[in-house]
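Laboratory data are not the source of any read-out in this text; all were calculated from the coordinates shown. As the structure is a prediction and not an experimental result, all values here were calculated from the model. Quick reminder, even Gly has a Cβ in these numbers, built from the backbone with ideal geometry, and neighbours come from all protein chains shown.
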Amino acid sequence: MQTHSKLCVSALTTLSGLQEWADLPDGLLHTILPLLGSVRDLLAFSATCRSWHVAFLSYPSKSTLCTLFPPLLIQTNIRVDAPHVPSNDIHCKLHTCKVIDPSNQNITLRCQIDEEILQKMYCVGPSYGHLIFFCSRGYCLVVDPFSGSKVSPPRLPISGCERVSPTKIHAQHSEIAELYFFGVLTAPITSPNSHLLVGTRFSLFDWPVGSDSWSELKLPSGAQITQIVEFKGQFIAMDYHRRIYSFELAPQLGLQEIITEWSPHSIRTPYQTSWLVVCGDMLLMFITVDHWSRRIKDGGILKKVCTLHLDMSSKPAKWVVKKKLGSWAAFAGCDTKNMPLSNMNPERWGGRSNSLYYAESSPPWRVHELDSAHDPWDASIRQCVIYWGHYMKPLWVYPSMLYSDGASDHRVER
């Protein structure tokens, strides 16, 4: 793995010469971590000194911290100045991206990604703090945008009918159905049971991280899987038509449809964008809904985000309208491959509950209160589409160190 990139932040305070601070017991330091106000503060805590870094790594449930702090927004479309970063590859040219922490927007962070990756490969989504890139010939890279580490799986055994040249892609985005719908890790990439899943038009591919081959599951006709999430210990998949499946990795790859009903007031048109998102013990679906309105000059389309909750206590399971998210907020973007993230009690860092933080290019994001009479329809919500290569749009991500149970290779500048 290469580690030439880094996320640059400042330490919380200067503790040089204060040895007594470095000698604080791990138990006490662990009580401090949930009281911090942002991911940036967590990174600065870890960078303060060696003993604090060790205490962070030994925190028993780092992944729960993701529910306390907002994710970071990576804006690959905005370049920022950065000092020279040593690289093992002298031919490597780094693209320095702006990174924003919603809890402190006045401080500009940054991460760096190989320019060649952004130009020649296509990001099919973030997962567990990594960005998953593919090219049309079946080559793949799993990249940590903050540490610069890379994992290169074997070449994907795609068939000839699923290969599309970059020229064809850039000339006609409508042919995305012949490429990759998504890529997702089933666990942190350093975990012994981590798998990389890739969905194409005809198949679902599985790579056990560290192995030398892929397994393939041929999809039923029309079941083009677009998203997989983990919910209550099982994997839930959704296809283009919003059908829901349970997905099994062992003893062999398997996909079983979960029969669902739609309540009379739910929305079920196949032409709107939708995402699955897990908020605690709730499995939700966000759907953008078009509405013709004369409030726009000469008439026009307004968009609303509707929220549905999968009630699995009934048989069959039923999608019902969810009026409020309670104390939760969700984070999504204009690229449908970017898996939404959730955050609990966002008021603790200055955010808003019952809201969708929708990433854009300018402004960085918009906040939409879900199913509220105060914000019923909004023309500013952009139609979600899939972008490729250097068309990669802003995306939300938590650093991988928040998912890791072992040592992290993140380096943080003061």
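Remarks
- Positive contributions from Lys and Arg (+1) and negative ones from Asp and Glu (-1), summed over other residues with Cβ under 14 Å from the Cβ of residue 206, come out at -2.
- Other-chain or far-sequence residues with amide H under 5 Å of residue 127's (modelled H): 132
- In nm, spacing of pseudo-spin labels at residue 26 and residue 106 (7 Å Cα→C-beta vector): 3.7 nm
- Simple label model, 7 Å out from Cα along Cβ direction - residue 77 to residue 116, nm: 2.7 nm
- Net charge of Cβ neighbours under 15 Å - reference residue 101; Lys, Arg +1; Asp, Glu -1: +3
- Among 53-66, 243-256, the order from most to least packed when residues are scored by Cβ within 10 Å on average: 53-66, 243-256
- With K and R counted +1 and D and E -1, the other residues having a Cβ less than 11 Å from that of residue 253 yield a net charge of -2.
- Extension gain, residue 202 to residue 231, is 8.0 nm, computed as 0.36 nm per intervening residue step minus the present C-alpha separation.
- Candidates 235, 191, 223 compared by Cα position along the dipole of the range 179-241: farthest toward the positive end lies 223, with charges placed on Cβ.
- Between residue 187 and 195, the built amide H atoms are under 5 Å apart, and every one of these is 5 or more places off in sequence or on another chain.
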